[in-house]
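Derivation of every value follows stated rules applied to the coordinates shown; laboratory data play no part. What you are looking at is a predicted structure, and each value in this text was computed from that prediction instead of being measured. Neighbour counts are summed over all protein chains in view; Cβ atoms, including those assigned to glycine, are modelled from backbone coordinates with ideal geometry.
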Amino acid sequence: MPAETPPEHPAAPSGPALLLSGARQADGRAVDVRILGERIESVGPAGSLSAPDRLDLTGYLLLPAPTEPHAHLDEAFSATPPLNPCAEPDAGGSAEALQRRITEAALSGLGYGATVQRTHVRIGGAHGLTAMTAALQAARALHGLMELQVVPLPGTLTGRSGAEGRAALREALAMGAHAVGGCPEEDPDPDAHLDAVAALADECRSPVDLHADLGDPRRLARLAAVFGQFPQRVTVGPCAALELQRPEDATRAIDRLASAGMAVVLLPQSGYCVAAGRGPGRARVAQRAPVRRLLAAGVAVAAGSGALRDLANPVGRVDPLEAAFLLAASGELDEVEAYERVSGAARWALGLAPVLVAPGAPADILAVRGDTLRGVLSGGHSRVVVHGGRVVSRTSAVREFADTTAPAVPRQGRSGPVPLE
Ligand SMILES: [Zn+2]
C-alpha cells in the first residue's frame, strides 16, 4: 500500500482558542470574540470570555472581512513610465517573476483586509498559460493566509484565429480556474464569444466571470439572453459604459441584468480596468456603473479595485475600504450599503457564503481602529486581519507632532506617539 501523501496545507489546529477582546461591533457593543480552529466559537460582552491566547483590540471595530472580487494581479505594478493606456499589457516575464508579482500584490490587498481575492489573468497569445500557472502556484503558496481565486481572461475565442484561445481556456479550467472568463469586447465576434464561454461553462458546470463595458444595448441584451438564469453564478464587470447609454436604454439594460440574476462588479477607483479600459478612446471612459439605480432594480452589486498600479490606474490599490469610501464619499450609498458592496455582495459574486462576526461563522474578520463604520471608512489605517481563525496581518500606524520648542528634528513628540486611526 503506497504511503499516504500528507496534505500540502494541513488544516488549522482546533486549539488553543484565540480571544479578540474589547473591540466594538458595528452596533456599538464592546465584545469579546473567542475563536476555536477556523470558526468563531462565541461572542460575549467585553470581559466575559477567556482563552489562552488573547489579543487586546480595545479601540478597534470588528467587521466581517471584506473580499476583492475583481483584480488583475498579474499586471500589478506594471505602470512604469511612459504610461500609455492603449498599450498592450505587460506579459510579465517568467512564471517565477509573475508568481512573485502576484504574491506581492495579493499580500498588499490582504494587509488591507481582503482575505479572499479574485484575480483575472491573461491567457492565450503571447501570454500562453504562464500567468495562469503562476497565479495558481501563488494561490497554493498563500493558502492559510488568504484565498486567491484565479479566472482566465482570454482574447479571441472565435473563428479560426480563436482556436488557440478556446484551447487555452479549456486547459485553464482543467488546471483549476475558479470560473470561465471572457471579454466579448476584445473579440471580433462578440456574440460568438459569449456563446463559446457559455458552452464551456455549461459543459464544465463552472461559474462565469465576464469583462464587459455594457455601453451597447444590443450587446447587453445578448448577454442577458445567453446567461439569463444560468445554473452557475454569472458575474460581469466593470460595466463602466452602462451610464453612457441613452436613459431609456440604460433603464431597460438594468432591468435585463436584474431579471438575468447576474452579479455586477463595479470599480469605484476608476470605473474601468485593464481589459475594459484598453483601446483607443476607452481610457477616457472613466465612468462608474450607476450603483443606486442597479440596486433599486434588484441587481446584486459588488465593488472591487480592478487595478493595482497598472496601465489602467497607475495609483490603484487593492483596498476594499477605499472602494467603499469612494461609494460613500460620492453620496451614492451610505456607509453600511457601501461596505456591503465589498463584503457580503462581493462574496456572493464569487459564489461564497457571507461571513459574520457571530458564533459558528468562519473566523474571517477585519478589525480596524475606530468606533464606527463611518469613522473607519474615513480613517482606518491601523488594521488587524484574521483569516481561518489566525491573525494573518497587522498594520499599525502612529502619528507624532513636532514639539516646536525642541530642535528642528524632533526626537519625541509633544505628548508622545499617538496611535493613528
Ligand atoms: Zn478587469
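With a cut-off of 11 Å between beta carbons, the residues surrounding residue 152 carry a summed charge of -1, where Lys and Arg count +1 and Asp and Glu -1.
When both bridge partners sit in the chain, DSSP labels roughly 50% of those beta bridges antiparallel. Can you tally the net charge around residue 52? Count Lys and Arg as +1, Asp and Glu as -1, for every other residue whose Cβ sits under 15 Å from the Cβ of residue 52. Neighbour charge sum, excluding residue 52 itself: -1. Given Cα pairs under 8 Å that are at least 6 residues apart, what percent is the relative contact order of the chain? Taking the mean separation of contacting Cα pairs over the length of the chain, I get 18 percent. Among the trypsin sites (Lys or Arg not before Pro) within region 26-71, those in coil by DSSP and having at most 13 neighbouring Cβ atoms inside 10 Å are 29.
Count the net charge of all other residues whose Cβ sits under 14 Å from the Cβ of residue 207, scoring Lys and Arg as +1 and Asp and Glu as -1. Each step should come with its number before you reach the end.
On the way: positive: 118, 205, 233, 347; negative: 202, 203, 209.
In short, +1.
Please say if region 67-349 is rounded, prolate or oblate, where rounded means a/c under 1.5 for a ≥ b ≥ c the square roots of the C-alpha gyration tensor eigenvalues, and otherwise the choice is prolate for a/b larger than b/c and oblate otherwise? In terms of gyration-tensor shape, rounded. Applying 1/(1 + (r/R0)^6) with r as the Cβ-Cβ distance of residue 195 and residue 336 and R0 = 30 angstrom yields a FRET efficiency of 0.15. Neighbour counts of other Cβ atoms within 10 Å put 32, 371 in the fewest-to-most order 371, 32. The long axis of helix 95-112 is offset from the longest Cα principal axis of the chain by roughly 50 degrees. Springs between Cα atoms under 10 Å define the GNM used for the chain, and in it the highest mean-square fluctuation of 328, 126, 349 occurs at 126.
To make sure I understand, if each residue's beta carbon is the centre and we count other beta carbons within 10 Å, what order do 211, 120 fall in, fewest to most? Working shown, then result.
Working: 211 24, 120 28.
The most exposed by this proxy come first: 211, 120.
Close amide H contacts of residue 393 (hydrogens built in the peptide plane, cut-off under 5 Å, sequence separation of 5 or more or a different chain): 385.
Classify region 13-64: rounded, prolate or oblate, from the alpha-carbon gyration tensor (a ≥ b ≥ c, eigenvalue square roots; a/c under 1.5 rounded; otherwise prolate if a/b is larger than b/c)? Here region 13-64 falls in the prolate category. The stretch between residue 77 and residue 255 holds 60.4 nm of extra length on full extension. This uses 0.36 nm per residue minus the Cα-Cα distance.
Reducing region 128-185 and region 333-403 to their Cα centroids gives an inter-centroid distance of 29 Å. Which of the three applies to region 198-357, rounded, prolate or oblate, going by the alpha-carbon gyration tensor with a ≥ b ≥ c and a/c under 1.5 meaning rounded? Note, shape of region 198-357 comes out rounded. Compared with the dominant principal axis of the Cα atoms in the chain, helix 217-227 is inclined by about 80°. Once backbone amide H atoms are built at 1.01 Å from N, residue 70 has 118, 305, 306 as its partners under 5 Å, excluding neighbours fewer than 5 places away on the same chain.
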